[in-house]
1. So how many residues does the stretch 37-66 have that are among the hydrophobic types (A, V, I, L, M, F, W, C), at pLDDT below 90 and loosely packed, with under 12 Cβ neighbours inside 10 Å?
Amino acid sequence: MALVKRVALAPRAVRQLRRVRSVYLAGTLLSVLGLLSLDDPAAGGRQAAIAGIFLAVFAALLTLTAVQLWRHGRTEHCSTAKKLTPLA
């Protein structure tokens, strides 16, 4: 297994990830609402498939964003992470 060099994210990238996380969450919730509102599976087959695709895409983007922010928070040695974390 190759070693993976962990590079810190720039402060601007961290701010953008935190902002876009709410957009991905809203998209996920709207997709779930869309799937739940389709009661009759025979009438809305294509609509249900599109809502399912949107749900999968937004869930994947939300997961990737959360993992990136989690990995950035774990880098104690990084000066960028130290600057962005609030002091206790």
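1. 3
Yes/no per residue for (1) of a type in the set (S, T, Y); (2) out of contact with any helix residue (DSSP H, G or I) (no Cβ under 7 Å at 6 or more places or on another chain); (3) modelled with pLDDT of 90 or more:
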site	(1), (2), (3)
A8	no, no, no
A13	no, yes, no
S31	yes, no, yes
G34	no, no, no
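The values are calculated or read from the model by the stated rules, or taken from the named source; none is laboratory data. All figures in this text were calculated on a predicted structure; none of them were measured in a lab. Cβ coordinates were reconstructed from backbone atoms using ideal geometry, including for glycine residues, and neighbour counts include every protein chain displayed.
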